[in-house]
Amino acid sequence: MKKIVVIGLGYLGATTAVALNKMGNRVIGIDPNPAKISSLSAGTVPFFEPGLDEALTEALDSKQISFHSSYPQEAKDADIFLLCVGTPQAPGTKAADLRYLEAAIDELAPFYGENSIVVGKSTVPVGTAVQLKSRLSALVQLPARLAWNPEFLREGNALFDSLSPDRLVIGTDDAFSERVLDELYAQLTEAGTPMVKTDIATAELVKVAANSFLATKISFINAMAEISEQVGADAVKLAEAIGHDARIGNKFLRTGLGFGGGCLPKDIRAFQARAEELGLGESVRFLDSVEQINIRRRNRVIEVAQETFSELENLQVTVLGAAFKPETDDIRDSPAIAVAELFASAGSKVRVHDPKAVANVRAAHPQLAAFDDLQRATAGADLIVIGTDWFEYGLIDPAQLASWVRNRVVVDGRNILPVAAWQKAGWKVVALGRSIVNEVASEFVLQ
Ligand code: UDX
């Protein structure tokens, strides 16, 4: 059992804290937000993540986890200080804002002991760990040990990804830290999780490289969607066909509105900013195209609406979905919200529906009318846009929906609707990237 201080209790930190407790460790969670602390201490996760509430309750029952808005004395000499704070995009630049990491080092320093190590999990520009280590060195009279252990958890699957990751990556420059991390993850590695051991710079880079690759894969298939729309082809079938090639693989080839969330968009921007600083902007220039394709997919929905309705002003538009992907209430950089905003600025009357994210929409976008009731969200609508691939949207009865809308037009921005059934119910269906909609059922599932 290790004593681990988890610093920052957002999606990453809260999930990691619970997972590390489940793995048998004593966990002390720190976050300056008192509302977050009282919520977590009472057994309620302050965001929606499947299974996490139950796991938190179990963790609290173990009495081996506690949450604090400032360091308790017990944190002294912890085995591991785990950095899980956010690295948001700094205002006015593409670069990541590292101030929360710097503050975390300053605050942990008085509690750092002879046998402590600091481990970074946050996504950072390569070179950050070196700076943090020298900051720590200046504050402690002991050898400053800092390792990097990037986290690849996906929202909606966060707990599973933490307890059964595809791989572990640890970057160290001292044997003591390596040993502590070997021990920490022994049960996962013994169960077969591969562990990649490397230097710190590589460990930092792995995370941004992985996210850049995923973003590129999505934009690649969305570029094929642009071509398909023009030439009368079907990008969904195209993805299926190329995905059968094991070298390409069928994952992350779902075409539609593109990627959003708190990671992929910000990480590719921060990577470009860091590469520019290193004089290597050209190496990742393609990420600019990746982002431009992603933005064009959102605009494409507006173009479709313009082609269908001559006037967008006062058009009743309902966007189904606000979360950046299903099984989360996270609306950061959500493509669905971006589309809703585009319609709102064109003068349309916009309503947004989401099963989980309504409270977040109301807080962050009060100008958008948000509902979790489908009928209230869609009654009298001229245009329905599928913005998030929530499973339940694929199950909507098109005939019932047709009975209360004003115009039967739907843009399937996530390619989840059974198009033939909707067409049969009198709907004009525009499926992004699919000029020809071939409804032959397929065994092949894009993930
Ligand atoms: C991502 C990485 O997957 C994860 O490893 C990392 O730790 C954090 O960033 P997450 O932000 O939870 O995870 O979302 P992800 O599942 O990667 O999806 C990102 C976006 O891409 C979503 O908006 C999703 O709708 C979109 N997407 C995904 C597609 O448009 N098409 C696809 O084929 C897959």
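Could you state the angle between the C-alpha long axis of helix 264-277 and the longest principal axis of the C-alpha atoms of the chain, as a value from 0 to 90 degrees rounded to the nearest 10? Taking the Cα atoms of the chain, the angle to 264-277 is about 60 degrees.
In whole angstrom, note down how far apart the Cα centers of the range 7-83 and the range 137-154 are. Centre-to-centre distance over Cα atoms comes out at 19 Å. Strictly over 20 Å apart at the Cα level, which of K22/K121; K121/K207; K3/K207 would you flag in this model? Where the Cα-Cα span goes over 20 Å, the pairs concerned are K3/K207. In plain terms, the chain from A425 to F213 could stretch by 72.3 nm, reckoned as 0.36 nm per residue minus the Cα-Cα distance.
Couplings for the range 4-9, taken from phi via the Karplus curve 6.51 cos²θ - 1.76 cosθ + 1.60 with θ = phi - 60°, read 10, 9, 9, 9, x, 10 Hz in order; Gly and Pro are left as x. With coordinates expressed along the principal axes, the C-alpha atoms belonging to the range 3-198 extend over 41, 39, 37 Å, beginning with the largest. Taking amide H as placed 1.01 Å from N in the peptide plane, the amide H of R351 sits under 5 Å from that of V317, T318, V319, each at least 5 places away or on another chain.
Taking amide H as placed 1.01 Å from N in the peptide plane, the amide H of I65 sits under 5 Å from that of V27, each at least 5 places away or on another chain. Normalised by 2.2 N^0.38 Å, where N is the number of residues, the alpha-carbon radius of gyration of the range 49-118 equals 1.41. In degrees, nearest 10, range 0 to 90: what is the angle between the Cα axis of helix 128-139 and the longest Cα principal axis of the chain? Taking the Cα atoms of the chain, the angle to 128-139 is about 30 degrees.
Out of L417, L153, L395, any idea which swings most in a Gaussian network model of the chain, alpha carbons joined below 10 Å? Sorting by GNM fluctuation, first place goes to L395.
Distance distribution P(r), the range 121-239, all Cα-Cα pairs, bin width 10 angstrom from 0: 12, 32, 27, 16, 9, 4, 1 percent.
Of all the options A239, A421, A336, the one that moves most in a Gaussian network model of the chain with Cα springs shorter than 10 angstrom is A421. Between L257, L188, L101, the Gaussian network model of the chain with springs among Cα atoms under 10 angstrom shows the greatest mean-square fluctuation at L188. For K356, the aspartates and glutamates whose Cα comes closer than 17 Å to its Cα, not counting residues fewer than 8 places off in the same chain, are E49, D53, E155, E327, D329, D330, D333, D372, D373, D389, E392.
Counting only Cβ charges, +1 for Lys and Arg and -1 for Asp and Glu, the dipole size of the chain around its Cα centre is about 460 debye. With the convex hull of its Cα atoms as the shape, the range 203-324 has an orientation-averaged projected area of 9.9 nm². Residue-wise HN-Hα couplings along the range 58-73, as the Karplus relation 6.51 cos²θ - 1.76 cosθ + 1.60 with θ = phi - 60° gives them from phi, are 4, 5, 5, 4, 6, 6, 10, 9, 8, 10, 9, 8, 9, 4, x, 4 Hz; Gly and Pro carry x. Rounded to two decimals, the Cα radius of gyration of the range 302-417 over 2.2 N^0.38 Å is 0.95. Counted without the sites themselves, the longest stretch of the chain free of chymotrypsin sites (Phe, Trp or Tyr not before Pro) in a DSSP loop having at most 14 other beta carbon atoms within 10 Å is 1-403. Overall shape of the range 82-167 was characterised from the C-alpha gyration tensor. The equivalent ellipsoid obtained from it has semi-axes of 24, 18, 10 Å, in decreasing order. Over every Cα atom in the chain, the radius of gyration and the widest Cα-Cα span, Dmax, amount to 23.4, 74 Å. Inter-part distance, the range 177-233 to the range 242-281, computed on C-alpha centroids, equals 10 Å.
Its residue count N fixes a reference of 2.2 N^0.38 Å for the range 215-447, and the Cα radius of gyration divided by that reference is 1.01.
With the whole protein complex present, E229 retains an accessible surface near 50 Å², based on a 1.4 Å probe.
The values are calculated or read from the model by the stated rules, or taken from the named source; none is laboratory data. Small disclaimer: the values here were computed from a predicted structure and weren't measured. Positions of Cβ are backbone-derived with ideal geometry, glycine not excepted, and every protein chain shown enters the neighbour counts. Calculation scope for accessible area: heavy atoms of the full protein, side chains included, ligands and nucleic acids excluded. Shrake-Rupley method; radii C 1.70, N 1.55, O 1.52, S 1.80 Å.
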